[in-house]
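A.B. asks: Dropping a structure here in structure tokens format, bear with me for questions.
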Amino acid sequence: MVVANNYEMVCGLEVHVELQTKTKIFCGCTTEFGGEQNTHVCPVCLGMPGALPVLNREVVNYAIKAGLALNCEIAEFSKFDRKNYFYPDLSKNYQTSQFDLPICGKGGLEIEVEGEKKWIGITRAHMEEDAGKLVHSGETISTSNESSVDYNRAGVPLLEIVSEPDMRSIPEVLAYLEKLVQILEYTEVSDCRLEQGSVRFDVNVSLRPVGEIALGTRTETKNLNSFSSVRRCMEYEVARQARVLDAGDKVIQETRTWDEGRGVTLTLRSKEEAHDYRYFPEPDLTPLVIDREWVERIRKTLPELPGARRARLQELGLSAYDAGVITQAKALSDYFDAALIHYGDAKALANWVMGDLTRLLNSNQCQVADSPISPERLAELLVIIDKGTISGKIAKSVIEEMYSTSKDAQTIVKEKGLAQISDEGALLGIIDNVLAANPQSVEDYRAGKDRAIGFLVGQIMKATKGQANPGLVNQLLKEKLA
Amino acid sequence: MKISREDVEYVAALARLELTEQETQEYTEQLNSILDYAAMLERLDTSDVVPTAHAVPLHNVLREDQVRPSINHDKALRNAPDGEEGFFRVPKIV
């Protein structure tokens, strides 16, 4: 895709995901978010001399699970390495990570942009420890004379997922990220709370003239934590690189940082002064041997993934769009499936879930998992509509009442006397009254003005406060007027 | 393989070591003699040997995902050169 001035954008991403374990990757400290500074720490995650790390089994389980969901090869032999650098966000002067033998090898996922499907390759995914948090005394790191460090986050397990440079446009990048986060959420390897920094993105971008095969010089912008930051950062960076190239200059290979407030990327460090990490095998941890039986055991725990769910809902009669909306977030998709057990018409159910239910949840800023209307109760409402107990129109007010009172539909219908009038005798009496009161309309209808019947139906519905069974009213009225 | 002066200066810079002229000279010679000694290993035929990832023949030493008590920040900061309100405090980073 041509992005600007006949340049093509090439993008690859590194995504850091915090795994949802109870404890850190190499020690028993809690991974709970927040907490008073330096209270979720111990000699291991503080890097005290003599402290020995021991790998958390659950981290390996989650890494395998995520790898399988992302179609990755799972290594039979894997090990940890030390990545050496001086920066006080880790107290050991190295990060325990994986270098040449990561747990997950080649994989990928399919994205769809404007109806076109595309495979985005994943190069690898590896386990590593998260770093602590720095608070600088000044505005930025370089204007600060000192910094304060909280190591509560140091040692929280991360999976770093590295993509191939397969993306050619910002919509492709966003589609990849949305799909990736969706899969991670469905597999429950991470809580995926972007606002808490559970998922963070590093964006590698370069430009090349359209038709050119060799890659241009790239920049890496680190530590973005929302989709909108990724989009804005890329828009800025693509325009900046295009300006540099247009002026006949060269893009410098460097690490940049995104300034959210000003909406610009800034040089963090250039490659010339980049770190040589001097990786070497971590002597304090033994290697991992992952037999195929272990992999198969994890494979059995994989849930139905979003793509498969969407296909299943489409088979049940939902449009591609509706199935996409329902399966976008796991919580809504789970709600839908729970209701589907009690009510079989998927299409009608989808209309209520995406319509009234979503509207009520949104206007009350309520998460679907906390909905005062349970999936069973929503299903029950739809069942009594189908039975003819209430009309679809009355049901709209019943669902409001269900939401605000947490009562079930049957109770509300009974208490408020909302049951539909399907009794022919009762309806015929009302119809006679309406016809007697509106002789002109009756005459018009008989004179061939079909529209007149709509007015008469309206009068009958009015007289019954909307509770008359509309199908029956139409049928009886036509018989009367015939 | 020969270690040059530049190699020593580069490694020293990465390790944040400030070397005098004499030290740079001395370490260049010492590192070369250490590597020459270790080069003896190159005489062995290792074509059938898989790379060693760990000196101890163990694998899969794992722990269960169970929370254990952490230490409080007074204890955490006891050996720290500087700290405040439960934070470690470090001098200018860059």
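The values are calculated or read from the model by the stated rules, or taken from the named source; none is laboratory data. Quantities reported herein were computed from a predicted structural model and do not represent experimental measurements. Glycine also receives a Cβ, built like all others from the backbone with ideal geometry; neighbour counts cover every protein chain displayed.
A.B. asks: Does the range A:151-161 contain any residue that is away from chain B (no Cβ under 11 Å), touching a residue at least 24 places away in the same chain (Cβ under 8 Å), in contact with an Asp or Glu (Cβ under 8 Å, 6 or more places away or on another chain) and surrounded by fewer than 20 Cβ atoms within 10 Å (Cβ to Cβ)?
C.D. replies: The answer is yes; a qualifying residue exists.
A.B. asks: Scan the range A:56-84 for residues that are of a type outside the set (A, V, I, L, M, F, W, C) and out of contact with any Phe, Trp or Tyr (no Cβ under 6 Å at 6 or more places or on another chain) and jot them down.
C.D. replies: Listed by number, the residues that qualify are A:N56, A:R57, A:E58, A:N61, A:Y62, A:K65, A:G67, A:N71, A:E73, A:E76, A:S78, A:K79.
A.B. asks: Okay, next question. Report the residue count in the range A:360-376 for those that are of a type in the set (G, A, S) and either surrounded by 15 or more Cβ atoms within 10 Å (Cβ to Cβ) or touching a residue at least 40 places away in the same chain (Cβ under 8 Å) (or both). Please lay out each step first, then the result.
C.D. replies: Taking the range A:360-376 first, the residues of a type in the set (G, A, S) are A:363, A:369, A:371, A:374.
Then keep just the ones that are either surrounded by 15 or more Cβ atoms within 10 Å (Cβ to Cβ) or touching a residue at least 40 places away in the same chain (Cβ under 8 Å) (or both); that gives A:371, A:374.
Qualifying residue count, the range A:360-376: 2.
A.B. asks: Filter the range A:283-298 down to the residues that are aliphatic (A, V, I, L, M) and assigned to a helix (DSSP H, G or I), then identify the one that is farthest from A:E76 (Cα to Cα).
C.D. replies: The residue in question is A:I298.
A.B. asks: Moving on to the next point. Which members of the range B:78-94 meet the condition of being at the interface with another protein chain (Cβ under 7 Å from one of its Cβ atoms) and under 28 Å from A:K22 (Cβ atoms)?
C.D. replies: Within the range B:78-94, B:G86, B:F87, B:F88 qualify.
A.B. asks: Starting from residues that are under 30 Å from A:P306 (Cα atoms) and hydrophobic (A, V, I, L, M, F, W, C), keep the ones in the range A:78-119 and report whichever is farthest from the chain's Cα centre (by Cα).
C.D. replies: The extreme case among them is A:L101.
A.B. asks: Something else: Of the numbered conditions (1) in a loop (DSSP other than H, G, I, E, B); (2) not assigned by TED's automatic domain parsing to the domain that holds A:V113, A:D276 satisfies every one except a single condition; which is it?
C.D. replies: (2)
A.B. asks: Turning to a different aspect of this structure: With the structure loaded, tell me whether A:T301 is exposed (fewer than 13 other Cβ atoms within 10 Å of the Cβ) and part of a strand (DSSP E or B) or whether it fails that test.
C.D. replies: Taking the combined requirement at face value, the residue does not satisfy it.
A.B. asks: For the range A:19-124, list the strands (runs of 3 or more DSSP E) that sit wholly inside it and hold at least 2 residues that are crowded, with 17+ Cβ neighbours inside 10 Å and charged (D, E, K, R); which are they?
C.D. replies: Working: elements: A:81-84, A:94-97, A:107-113.
Correct list: A:81-84.
A.B. asks: A follow-up question, please. Output the strands (runs of 3 or more DSSP E) that fall wholly within the range A:127-195 and possess 1 or more residues being at pLDDT 95 or above, or say none.
C.D. replies: Where strands (runs of 3 or more DSSP E) fall fully within the range A:127-195 and carry at least 1 residues being at pLDDT 95 or above, they are A:146-150, A:157-163.
A.B. asks: Here's a follow-up. If you check A:S206 against the conditions, is it modelled with pLDDT of 95 or more and more than 28 Å from A:P303 (Cα to Cα)?
C.D. replies: On the way: modelled with pLDDT of 95 or more: yes; more than 28 Å from A:P303 (Cα to Cα): yes.
Considered against the rule, which asks whether it is modelled with pLDDT of 95 or more and more than 28 Å from A:P303 (Cα to Cα), A:S206 comes out as yes.
A.B. asks: Scan the range A:196-213 for residues that are closer than 28 Å to A:V264 by Cβ, of a type outside the set (S, T, Y) and in a loop (DSSP other than H, G, I, E, B) and jot them down.
C.D. replies: A:G197, A:V210, A:E212
A.B. asks: Scan the range A:241-254 and give yes if some residue there is surrounded by fewer than 18 Cβ atoms within 10 Å (Cβ to Cβ), closer than 28 Å to A:K133 by Cβ and out of contact with any Lys or Arg (no Cβ under 8 Å at 6 or more places or on another chain), otherwise no.
C.D. replies: No, because not a single residue in the range A:241-254 is surrounded by fewer than 18 Cβ atoms within 10 Å (Cβ to Cβ), closer than 28 Å to A:K133 by Cβ and out of contact with any Lys or Arg (no Cβ under 8 Å at 6 or more places or on another chain).
A.B. asks: Of all residues in the range B:63-94, count the ones that are of a type in the set (D, E, K, R), in a strand (DSSP E or B) and over 30 Å from A:S142 (Cα atoms).
C.D. replies: So the count comes out to 1.
A.B. asks: Do you know which of the residues in the range A:304-353 that are among the hydroxyl-bearing types (S, T, Y) and not in a helix (DSSP H, G or I) is surrounded by the fewest Cβ atoms within 10 Å (Cβ to Cβ)?
C.D. replies: A:S319
Residue by residue, here is whether (1) among the polar types (S, T, N, Q); (2) more than 9 Å from chain B (Cβ to nearest Cβ); (3) under 30 Å from A:S206 (Cβ atoms) holds:
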site	(1), (2), (3)
A:L13	no, yes, yes
A:G34	no, yes, no
A:V41	no, no, no
A:L46	no, no, no
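A.B. asks: Of the residues that make up the range B:39-53, is at least one surrounded by 10 or more Cβ atoms within 10 Å (Cβ to Cβ), in a helix (DSSP H, G or I) and out of contact with any helix residue (DSSP H, G or I) (no Cβ under 9 Å at 6 or more places or on another chain)?
C.D. replies: yes
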